[in-house]
Structures are given as structure tokens and as C-alpha cells.
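Working notes, structure below.
The values are calculated or read from the model by the stated rules, or taken from the named source; none is laboratory data. Keep in mind the model is a prediction, meaning the values are calculated, not measured. Cβ placement follows ideal geometry from the backbone for every residue including glycine, while neighbour counts extend to all protein chains displayed. Just the protein is used for accessible areas: all its heavy atoms, side chains included, with ligands, DNA and RNA removed. Shrake-Rupley method; radii C 1.70, N 1.55, O 1.52, S 1.80 Å.
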Amino acid sequence: MSDPEARDPVGLVAARLRDLGLDHPAIDPAETAADLADRIAASASLDALVPGSGGPDPTAFDPSWPDGPPAQG
Amino acid sequence: MTTIGEAARALRSGGTTSRELTEASLAAAEALNPDLSAFVIIDTGGALEAADAADEAIAAGRDLGPLMGVPVGVKDIVDMAGLPTRCGSPAYGPAPAATDATLVRRLRAGGAVIVGKTTTHELACGVYTPPVSNPWDLRRVPGGSSGGSGAAVAAGIVPMGIGSDTGGSIRIPASLCGTVGLKATYGRVSRAGVAALSWSLDHLGPLTATVEGSAATLEVLAGPDPRDPSASSRPVPEYSRGLDRGVDGLRIGVLHGSPVEPVQADVAETFADSADLLGRQGAAMVGVEVPELEHGLAAEFGIVCPEAAAYHRDLVRSRPDQIAPFIRALLVAGLMMEPEHYFKALQARRAIAGALRSAFVDNRLDALLTPTLPGTAVPKDADDLDYGASTEPAGAAYVRTTGPFNLSGLPALSVPAGFDRDGLPIGLQIAAAPFDEETALRVGACFESVAGVSGRRPPLSAPGAAG
């Protein structure tokens, strides 16, 4: 681990921003790192609704209700 | 400006002309826009041309539908040929759109007169819509992202303004501005030719002065569209019929717990009174809890974030400095987060939609009530909604009661229900089963007829504005 940037979350985010073509003065790596942490925490809260693996096909959204009992999850 | 129903009747009886209505609408727009900023474009020439065409059709005995000759506004994320689509963003240039969105084609084919394009929150991603002011108090926000349409309808400039709704962006300004707002079932209205925020959550629909106006507008807008594969081919009912059937015999759920709480005290009181009022009209009122909705906000943003980032990926890479910080952060995160987070949010959406379905089926509900929003319009410089004992960021508060119906795709209508101690509007949200807009509109029309709140006009409104 000779690259100091790789040892801290902000450095990792800065590197990832560069990889994605998002290295721009308007995009602050530290703010982005904090924002990402919040969003990943919010995503983790969805574990209460979603199984760790498997689960329903998430790509087949249809607002209509088919006949039969309500969908489970 | 009269309501859509009043205008339609007057036009057909010879009591007025579309040119008269349109000139009044244009005059009101010019007079009020310096205070409201509701319109980004006022299309005087195009509107008068359309008005004269409508008058010719009426004179020839042709009936193009309920919007024939009626002035309307269209949110500035919707393409209108010959006019730019700026999306409330400095990143979008002045080049005119080449073609009309399907929605605009339908409005034009129905004889509607589009007087201008209404202001949107930047990229349709926000609930304040600066610099638009709320006609009830110019120091306060109109809501968003369809804030221009909300302000224009509330002030009586037009009886209908088109909005879009990804997490509540029709119903939020409808509630805060004291208008009716209808988000129909996902796929009921074509989205072709409209800038996206989040493909799988975006809906289009009207903000109107009355429930009758929303029903009439949906009749014009709904239907299949080869340009939009998500547009449903289900038959389009005559939504305006049966609005007067009342609610006797209906079972209406009253949502408690998350995500309805906390709410401001005046909102809680108005909501309870609204449910009681519908009960006195003969509906069976049923208390309902759907605990899964606690996770609605996380699922909503978990979907909006990557879908919006994908839609705007070139913009966020090339000109991030031209995007507001809140939206820029969302777009950057959408490009950086791993796909598992997106798919987890989509799966959570399925769970939430299933829970709502269970609530309807298990309780044999025809409709489900919530406060449209937990609170009334915040001052423009305020970040939080104040509940007295606590506060909540308005950007989250204004979405948590509306977003579940984007996630589930269910139709949801907001109708004016009352006013808080400062005289600011409070909305009642009425959701129904998929493609059962008729029931939501029926309940809304009944409530509107007995609640007695639709006659009040904001301090800043056009002469002769409809109640």
C-alpha cells in the first residue's frame, strides 16, 4: 500500500471519480464520500424488505394486479 | 379564468369564445408572472392562433373534447415543437424541440390552447421550484417539481397545467398551492417526448382547479402510444361520467403509522376531519397500517439515483458545475454506486407494491386516504418542515407520503382539504387500485362537493379566477 490515496475512503472515491471521468472541480471527493456513505446506509435499511440473495424479479414492474392472492414480497 | 367545466359549457353555449378566454389568460400571465414566475415561456402568438382555430371548430359544429378552446399550461420538460425545452437547467440550451411530445399532440388534437410553458424545478428533481412563488404567500415555496403549474392554476391564470410526478411532483404543488393534482396509474399517460427523471417512476398528469377538470384532462391524455412502450393499451373510460355518484357503499382505508407520521397538528386535524366527512357521506372508513411503507423513501431514492444518473450521464461528466449541488450529488452517486443497490431498491419496490396490494385486497378497499403531505408550504429560505417538537428536511418530508404511489404505480389524487392556522392549503390524497382512476376521482369529487374549501382564492390571483 504505497499509494496514500488508496488507504483512505476519500482517496478511493477520488480515484473512482477519475476512473469514471468525473474528476471535476465541482465534484468534491470528500463530500462525495460522505454522500455515498449515507446512500449506502439507506440501501442497507432495505435489507428489512429484501432477502440477502434471490427474491423477486425486480425488472418486471407492472402496476396492474393479477388475479389471485396478493404478491408476497 | 373559469374552470375547465365552466369554460367548456360557456364555449358551447356561445357565452364566450376561446379567444376571449385566451386573451384573459395571457393578460393574467403577463400581469402575475413578475410576482409568481410560474411561466418560463408565454406563447402569445401560438396561443391566439390555437384559440382562433378552436373558435372556428366550435362555429363549424365540431366537438374536439372537453379541453376544446381551453387555455392550459405545459411543464417545461415536455417537448413542444418550435419552443425550447429547458428543464429548469442552465445546461439545456435554447434550441427548439423538433416535434411535439405525445401529450402535447393529444392536447392540440383536443383543441386545447397552450398559453405557455410552466416553470419546473431543475431537471424535475426537487420540491421547491425556485424562483416560483406560492400565490397564497409569495414568501413561500409552491412545491415541486411542477411548481409553475401549481402556481399558475392556483392563481387562476389557467384552469389546467401539466405536471410530472416521480415522487410526488404533481401532488406536492397541488397540496401546497390548493389545487387538484392527479397522478394516474403508471403507464396510463404516455411519456414520449418528455425529459425523464426516473423512467420507472415517472408519471404525467394534470393540476387543475377542480376534480372535474382532472377527469376531463385525463380523458384527453390517456391511451396507448407506439412511441412509449410503457403506455398501457387498456381502454380509456369516460372519467367525467359518474363523478356525482357519491361514496355510499365504498370502503375507504385511512392510513395510519408510517409514512403518515409525523405530521403538523393542523394537517392531522384536517385529515381526521376529512375522513369523518367522507364517512358521513356513507363510506365505510377502515383504519389501515402498512409498515413496509417506512422504507419507501430509501427505495424511492435508490431507484431515482441510478436512473437519473443514467439519463444525465453526459451532462454530469461534461458540465457538473451547471447542476445544483443536491442534484449533482445524486447523479454522481448514481454513477458510482454498485448495481446491487439499484436492484435491491427495485426488489424493495416490489415488496412495497405487494404490501399496498395486500392492504387493498385484505381490507376490501376501494380507496386509501393519506394526508397528501405532512405539512404546508415552507418559507423559501427554510430547509426543514417544523412539527413543533421536531423538524424534518422538507425534501424528504414532502416525498414520504406521495412516493409510495410512484413505487407501486397506483393512481393518486390530491384535493384541497382545508387550511392551516396561517391560511396555507392542506391536501388530502386519495389512492385507488391500478387503473381505477374512476374511483379516486369519484371520491375526490364527493369530497370536493361537501368539504367547502374549493371556493377560497389566494391573495394573488387573476380577476374572475375560479373557485
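Within the range B:429-451, residues that are within 14 Å of chain A (Cβ to nearest Cβ) and without any contact (Cβ under 8 Å) to a residue 12 or more places away in the chain reach no partner that is buried (at least 24 other Cβ atoms within 10 Å of the Cβ) and not in a helix (DSSP H, G or I) with beta carbons closer than 7 Å at six or more positions or on different chains. Of all residues in the range B:44-88, those being open to solvent by 40 Å² or more (accessible area, probe 1.4 Å), among the acidic types (Asp, Glu) and more than 22 Å from the chain's Cα centre (by Cα) number 4. Inside the range B:322-345, residues that are open to solvent by less than 10 Å² (accessible area, probe 1.4 Å) and either more than 9 Å from every other protein chain (Cβ to nearest Cβ) or more than 13 Å from B:Leu201 (Cβ to Cβ) (or both) make up a count of 6. Answer with yes or no whether B:Val304 is in a helix (DSSP H, G or I), facing chain A (nearest Cβ under 9 Å), open to solvent by less than 30 Å² (accessible area, probe 1.4 Å) and not polar (S, T, N, Q). No: the conditions fail for B:Val304. The helices (runs of 4 or more DSSP H) located wholly in the range B:369-467 that include 3 or more residues which are among the acidic types (Asp, Glu) occupy B:437-451.
Here B:Leu255 does not fit the description of being closer than 29 Å to B:Leu297 by Cα and under 15 Å from the mean Cα position of the chain (by Cα). Being among the hydrophobic types (A, V, I, L, M, F, W, C) and buried (at least 20 other Cβ atoms within 10 Å of the Cβ) holds for only one residue in B:Ala394, B:Ala389, and it is B:Ala394.
Yes or no, residue by residue, for (1) within 11 Å of chain A (Cβ to nearest Cβ); (2) within 28 Å of B:Ala432 (Cβ to Cβ); (3) in contact with a Gly (Cβ under 9 Å, 6 or more places away or on another chain):
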position	(1), (2), (3)
B:Val286	no, yes, yes
B:Pro320	yes, no, no
B:Gln347	yes, yes, yes
B:Ala353	yes, yes, yes
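Screening B:Glu261 with (1) surrounded by fewer than 21 Cβ atoms within 10 Å (Cβ to Cβ); (2) more than 9 Å from chain A (Cβ to nearest Cβ); (3) more than 18 Å from B:Ala396 (Cβ to Cβ) gives one miss only, at (3). On inspection, B:Leu365 qualifies as of a type in the set (A, V, I, L, M, F, W, C) and either under 25 Å from the mean Cα position of the chain (by Cα) or facing chain A (nearest Cβ under 7 Å) (or both).
One residue stands out in the range A:27-39 among those that are more than 14 Å from B:Leu330 (Cβ to Cβ) and either open to solvent by less than 50 Å² (accessible area, probe 1.4 Å) or part of a helix (DSSP H, G or I) (or both): the one that is farthest from the other protein chains (Cβ to nearest Cβ), namely A:Ala30. So, in the range A:41-66, of the ones that are in a helix (DSSP H, G or I) and facing chain B (nearest Cβ under 7 Å), which residue ends up surrounded by the fewest Cβ atoms within 10 Å (Cβ to Cβ)? Within the range A:41-66, the match that is surrounded by the fewest Cβ atoms within 10 Å (Cβ to Cβ) is A:Ala48. A single entry from B:Thr22, B:Thr99, B:Thr2 fulfils the requirement of being more than 24 Å from B:Thr129 (Cβ to Cβ), open to solvent by 40 Å² or more (accessible area, probe 1.4 Å), polar (S, T, N, Q) and within 23 Å of the chain's Cα centre (by Cα): B:Thr2. For the range B:168-188, a residue qualifies if it is in a strand (DSSP E or B) and in contact with a Lys or Arg (Cβ under 9 Å, 6 or more places away or on another chain), and the qualifying residues are B:Gly181, B:Leu182, B:Lys183.
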